[in-house]
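J.: Here it is, the structure, as structure tokens.
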Amino acid sequence: MLEIPASGPYHLTNVRLHASLTPGLAAAFDADGFALADIAVADGKISSIVAHRQSNSPAAAADLGGRVVMPCFVDCHTHIDKGHIWPRKPNPNGTFMGALNATGADRAARWSADDVARRMDFSLRSAYAHGTRAMRTHLDSVAPQEEISWPVFETIRETWRGRIELQAACLLGIEGVRDRKWFERLAKRVAAANGVLGVVTYMLPDLEELLDQVFAQAIKHGLDLDFHADETDDISAISLKKIAEAALWNGFEGNILVGHCCSLARQPDLDVLDALDKVAKARLAVVSLPMCNLYLQDRRGDKTTPRWRGVTLLHEMKARGIPVAVASDNTRDPFYAYGDLDMLEVYRMATRILHFDHPVGDWPQAVTSTPAQVMRLDGFGTLAAGGAADFVVFKGRSWTELLSRPESDRIVVRDGRAIERQLPDYAELDDLMVG
Ligand SMILES: [Zn+2]
């Protein structure tokens, strides 16, 4: 059995690394983007990464036998304030409206600070065990929930610092922006917590004015932006394009991440091209949530079979230089009955749903360095000499081995040491699920 040394400097030899995740490695990469390498670790950092040479390996080195090693994951779109409420508040029919109504009722009735904190901590422990190093969560911020959830987030962010770098974006329907005084207060609260300003856009008659309000507050308080947009099969939903236009005419210079954009995949080609031109010009980044989209989209009612996958046009976006990511989204709540914040599962599902293969190219960046850049996390999501020794050692030695099994026995190394990978027991939350 492979053991990562528990103390002192060490070498890992015969490690399989991907070209897209190891920018400094000069090696002969194969058609799948892999090369064998040797990694030296000291004082919690990677001291060197070089192309593998049998003759150069020190006697004490651990031979990984060609196992894939990836940097720890960055999950840029989650909802850990909603996570794990499914047992007490299931989605009655699996639809988006069913999710919205069930979650709203549960929030109003049950989301005390203690309830939110315990479910968030449970989620973070799962993500950490699976190898995630940074996460952005949305926080439902409809009054009075913002006064409960933001202080909880600030406390938990401190508790988790050094294990998971946690960010938060506020979440409310953009109609909430019409109450200008309240929205300004919310923007100030978000800024005080070093958060991100987020809203859900809908095709409202005054969408453009509301977007201007959102951009004005972001500029005033120096905030990055994070939108939920067009999470629907309705082809008249074009808020992605509206966000890009608003970014351009407001001269916005911060980072903008837009999630979902499902309806884009249903629109006529010329409309798609026009929208993507604007998205690229406005320097928007897009995150697709493949598991949640597969679950909620194209659910038409009883005894029908879904006929599309729900995801947006990531290949077309990437071809235009638009930064694209995939992320977990919801876990065990009315928006998605499953999930455990395992970014390998997300990447495996994305490979199948979105065709991140043949060739794999630089798609591994969609769960690592690209979301890290969107979240302004320097050094996250790549493996490089001088960087943190934060990586995941898998059993798989190729893409087909890596993505065919759950890799439940992966080794997660943080600051150079293998962590305890204990997943929290669901029974811990049982007392929150009664009544
Ligand atoms: Zn979401």
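The values are calculated or read from the model by the stated rules, or taken from the named source; none is laboratory data. Quick caveat, the model's predicted, so the values are computed rather than measured. Neighbour counts run over all protein chains shown; Cβ positions are idealised from the backbone, glycine included. Calculation scope for accessible area: heavy atoms of the full protein, side chains included, ligands and nucleic acids excluded. Shrake-Rupley method; radii C 1.70, N 1.55, O 1.52, S 1.80 Å.
J.: Any idea of the accessible area per residue across region 1-78, 1.4 Å probe, to the nearest Å²?
T.: Working: 3390 Å² over 78 residues.
Averaged over the residues of region 1-78, the accessible area is 43 Å².
J.: Does a label point 7 Å from the Cα of L204, set along Cα-to-beta-carbon, have any residues of region 239-260 with amide nitrogen under 15 Å, and which are they?
T.: Backbone N within reach: 239, 243.
J.: Here's something else I'd like to know. Considering amide H positions built from the backbone, and no H for Pro or chain starts, which residues 5 or more places from L139, or on another chain, come under 5 Å of its amide H?
T.: Close amide H contacts, sequence-distant or interchain: A169, C170, L171.
J.: Which value, in Å² rounded to 10, gives the accessible area of D277 with a 1.4 Å probe and all protein chains present?
T.: That residue has around 90 Å² of solvent-accessible surface.
J.: What's the extension gain from L100 to R376 if we count 0.36 nm per residue and subtract their Cα-Cα distance? Intermediate results must be reported in sequence, preceding the final value.
T.: Details: separation 276, 0.36 × 276 = 99.36 nm, distance 3.04 nm.
Net length gain for the segment: 96.3 nm.
J.: Rolling a 1.4 Å sphere over the protein heavy atoms, what is the accessible area per residue of region 302-346, to the nearest Å²?
T.: Ligands and nucleic acids excluded, the result is 42 Å² per residue.
J.: Please figure out what share of the DSSP beta bridges in the chain is antiparallel and state it in percent, rounded to the nearest 5. The partial results should precede the final answer.
T.: Values: 23 of 57 bridges.
The answer is about 40 percent antiparallel.
J.: Another question about this same structure. Sticking with the crude label model, points 7 Å out along Cα→Cβ, report the distance from T159 to R178 in nm, one decimal please.
T.: Those two pseudo-labels are separated by 3.8 nm.
J.: Could you tell me, in Å, what Rg and Dmax come out for the Cα atoms of region 169-214?
T.: 10.3, 32
J.: Sticking with this structure for a sec: Would you calculate, for the chain, the mean residue ellipticity at 222 nm contributed by helices, counting each DSSP H stretch of 4 or more residues as -39,500 (n - 2.57) and dividing by all residues, to the nearest 500? Intermediate results must be reported in sequence, preceding the final value.
T.: Working: 12 runs with 136 residues, N = 435.
Only helices count here, giving -9500 deg cm²/dmol.
J.: Provide, for the chain, the number of lysine pairs with alpha carbons under 13 Å apart, each pair being eight or more places apart or on different chains.
T.: For the chain, the number of qualifying lysine pairs is 5.
J.: Okay, next question. Can you give the log10 of the normalised intensity I(q)/I(0) at q = 0.06, 0.07, 0.10 Å⁻¹, computed with Debye over equal Cα scatterers of the chain?
T.: After summing over all Cα pairs, the log10 values are -0.25, -0.34, -0.69.
J.: Hey, got the dipole for the chain? About the Cα centre, +1 on K and R Cβ, -1 on D and E Cβ, debye to the nearest 20?
T.: Taking the Cα centre of the chain as origin, the dipole is about 360 debye.
J.: Between region 30-100 and region 399-426, what is the C-alpha centre distance in whole Å?
T.: 8 Å
J.: While we're looking at this one, here's another question. Identify, among V279, A389, L429, the residue whose Cα sits farthest towards the positive end of the charge dipole of the chain, taking +1 on the Cβ of Lys and Arg and -1 on the Cβ of Asp and Glu, with the dipole about the Cα centre.
T.: My answer, from the dipole projection, is A389.
J.: What figure, in Å² to the nearest 10, do you get for the accessible area of L186 with a 1.4 Å probe and non-protein molecules left out?
T.: Spelled out: L186, probe radius 1.4 Å, area about 10 Å².
J.: Among the trypsin sites (Lys or Arg not before Pro) within region 346-400, which fall in a DSSP loop and have no more than 12 other Cβ atoms within 10 Å of their own Cβ? Each step should come with its number before you reach the end.
T.: Numbers: sites: R348, R352, R376, K395, R397; in loops: R376, K395, R397.
Filter output for region 346-400: R376.
J.: Hey, another quick one. Defining a contact as two alpha carbons under 8 Å apart and six or more residues distant in sequence, what relative contact order in percent does the chain show? Numbers along the way, then the final one.
T.: Details: 909 pairs, mean separation 101.0, N = 435.
Answer for the chain is 23 percent.
J.: GNM on the chain, C-alpha springs below 10 Å: top fluctuator among S55, S288, S20?
T.: Result: S55 has the largest fluctuation of those listed.
J.: Find out how many positive minus negative residues lie around T400, taking Lys and Arg as positive, Asp and Glu as negative, among other residues whose Cβ is under 15 Å from that of T400.
T.: +2
J.: Follow-up question, since we're still on this one. Percent of accessible area on region 73-375 owned by carbon and sulfur, 1.4 Å probe?
T.: Carbon plus sulfur share of accessible area: 51 percent.
J.: With the crude spin-label approximation of a point 7 Å out along Cα→Cβ, what separation in nm comes out for K281 versus A337?
T.: 4.5 nm
J.: Just to check, using Stokes-Einstein with a Kirkwood Rh over alpha carbon pairs, what's the diffusion coefficient of region 185-255 at 25 °C and 0.890 mPa s in µm²/s?
T.: 196 µm²/s
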